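Worksheet: one structure, shown below.
The values are calculated or read from the model by the stated rules, or taken from the named source; none is laboratory data. Source: prediction; values computed, not measured. Cβ sites come from the backbone with ideal geometry, for glycine too, and all protein chains shown count toward neighbours. Keep in mind that these areas ignore ligands, DNA and RNA; they rest on the heavy atoms of the full protein, side chains included. Shrake-Rupley method; radii C 1.70, N 1.55, O 1.52, S 1.80 Å.
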2 protein chains.
Amino acid sequence: MNELNLIPHILPVPLEKAYRLLNHGPTVLVSAQDQTHIGVMTAAWACPVEFKPAKVSVVLDKSTMTRTIIENSGYFVLQVPNLKQLKMVYALGMMSQHDAPEKLRQCGVNLFHFPHSTLPAVEGCSAWLLCTLIVEPHHQQQHDLFIGEVIHAYADERIFKDGHWLFDQASEDWKSLHHVAGGHFYTIGHAVSVE
Amino acid sequence: MNELNLIPHILPVPLEKAYRLLNHGPTVLVSAQDQTHIGVMTAAWACPVEFKPAKVSVVLDKSTMTRTIIENSGYFVLQVPNLKQLKMVYALGMMSQHDAPEKLRQCGVNLFHFPHSTLPAVEGCSAWLLCTLIVEPHHQQQHDLFIGEVIHAYADERIFKDGHWLFDQASEDWKSLHHVAGGHFYTIGHAVSVE
């Protein structure tokens, strides 16, 4: 894994602005690490649930290895991928490490660490939310719903800066992905505002 | 309220396809009715949580009247609004009926009923998910998280047909809205697919 200081353009996002990284409903990558495995999977069903303390929810099917790793470790990362990662995002949602132990290599995932963190983060994304699992056995079992408190958030300043997404200024490659079904996604569109 | 048969273009969506109405992360309107009130509010934090039976989650702050109405009645509607409703969507998220008893009239909301349903639905939206509340007191109290099972789903065939959104074919007016913060939203963009 690379160290953050080898990866330019990544800046911390204040926790009170962390919800903005997910507020527009992007499909995310979920990553986690326990004592034996690193898991990365795609999830379309992720949401903020609280501004302060910043909390998020994500639905993780019982068949996924990443879910087990999160249950074991108590930590996970939600990251917002972009159009240049489309094939990887799709592949990470279709393959399971249970069947394909080499999934991460086959999908072309490169990992790095943020400072003072051992959580596995995926290179090339637009934003990252590092979370501690808020253990809720009934939620998890009954609805596959996992809740986390955001402990650190980061974004690539080329697409999210000073608390704002720059989708209208940056190139198409940086657009977030919004999954529909199968291999079909929409990119995020244009800014519209109420005066 | 109008009857559905006065509103052309609205077709049922099979429940196994209902998740597709929310899968791309749009901001929604939440509506509900109890014995004394009808509430409609905007919510950016809504998600599918299960394919079958189709289930959804939505975060509802304790300060909202719509939350109380849902707790009283056990039912709610999630609807997917579109760009032509931008001002209404913003206003429904900023005003509370606690302060403005005439909120719905002031926001320009027109309601209708689907057949065999007394749930209040907002005219002019792109899609509607009629839900029964799955009562989870701990979720609701601790995380403001409400889960519903979808009992009927509908969409306007001009923007969602045969299980697919038509954002690239329809006019800009039909684009879904993805809230960022304040009066700022993004519209949904273009379809991209993995071969």
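The reciprocal of the average 1/r between distinct C-alpha atoms defines the Kirkwood hydrodynamic radius, which for the protein assembly as shown equals 21.0 Å. Largest GNM mean-square fluctuation across B:Gly108, B:Gly182, B:Gly93, computed for chain B with C-alpha springs under 10 Å, falls on B:Gly182. In the assembly of identical copies, A:Lys161 has its label point, taken 7 Å from Cα in the direction of the beta carbon, separated from the corresponding points by 4.3 nm (ascending, one decimal). Expressed as a whole number of Å, what is the distance separating the alpha-carbon centroids of region A:41-119 and region A:130-155? Using only Cα atoms to place each centre, the spacing works out to 12 Å.
How high is the FRET efficiency between B:Ile151 and A:Ser117 when r is their beta carbon distance and R₀ equals 35 Å, given to the nearest 0.05? Step by step, r from the Cβ atoms, then E = 0.20. Qualifying chymotrypsin sites (Phe, Trp or Tyr not before Pro) in region B:27-91, where qualification requires a DSSP coil assignment and no more than 14 other C-beta atoms within 10 Å, comprise B:Phe51.
Accessible area per residue of region A:5-138 at 1.4 Å probe, in Å²?
41
Note on region B:114-195: along the principal axes its Cα atoms extend 42, 35, 33 Å, ordered by decreasing extent.
Averaged over B:14-23, how many beta carbons belonging to a partner chain fall within 10 Å of each residue's beta carbon?
Whole-number average of other-chain Cβ neighbours for B:14-23 is 2.
In region A:89-161 the Cα-Cα distances spread across 5 Å bins starting at 0 as 3, 13, 16, 17, 23, 20, 7, 1 percent of all pairs. For the residue pairs B:Lys52/B:Lys87; A:Lys17/B:Lys175; A:Lys55/B:Lys55, the C-alpha atoms sit more than 31 angstrom apart in B:Lys52/B:Lys87.
Other residues within the sphere of radius under 12 Å centred on the Cβ of A:Gln140, judged by their own Cβ, net out at -2 (K and R +1, D and E -1). The mean count of C-beta atoms from other chains within 10 Å of the C-beta of residues in B:24-32, rounded to a whole number, is 4. Among chain B residues, the one whose Cβ is nearest the axis of the rotation from B to A, given with its distance rounded to whole Å, is B:Gly25, 1. Springs between alpha-carbon pairs under 10 angstrom, Gaussian network model over chain B: which of B:Asp168, B:Asp99, B:Asp34 fluctuates most? Of the options given, B:Asp99 has the highest mean-square fluctuation. Each Lys or Arg adds one and each Asp or Glu subtracts one; over the other residues with Cβ under 15 Å from the Cβ of B:Ala18, this totals 0.
Chain B against chain A buries an accessible area of about 4300 Å², both chains summed, 1.4 Å probe radius.
Directionally averaged projected area (region B:2-187, Cα convex hull): 9.9 nm². Based on DSSP H segments of at least four residues, each scored -39500 (n - 2.57), the protein assembly as shown has a per-residue ellipticity at 222 nm of -4000 deg cm²/dmol.
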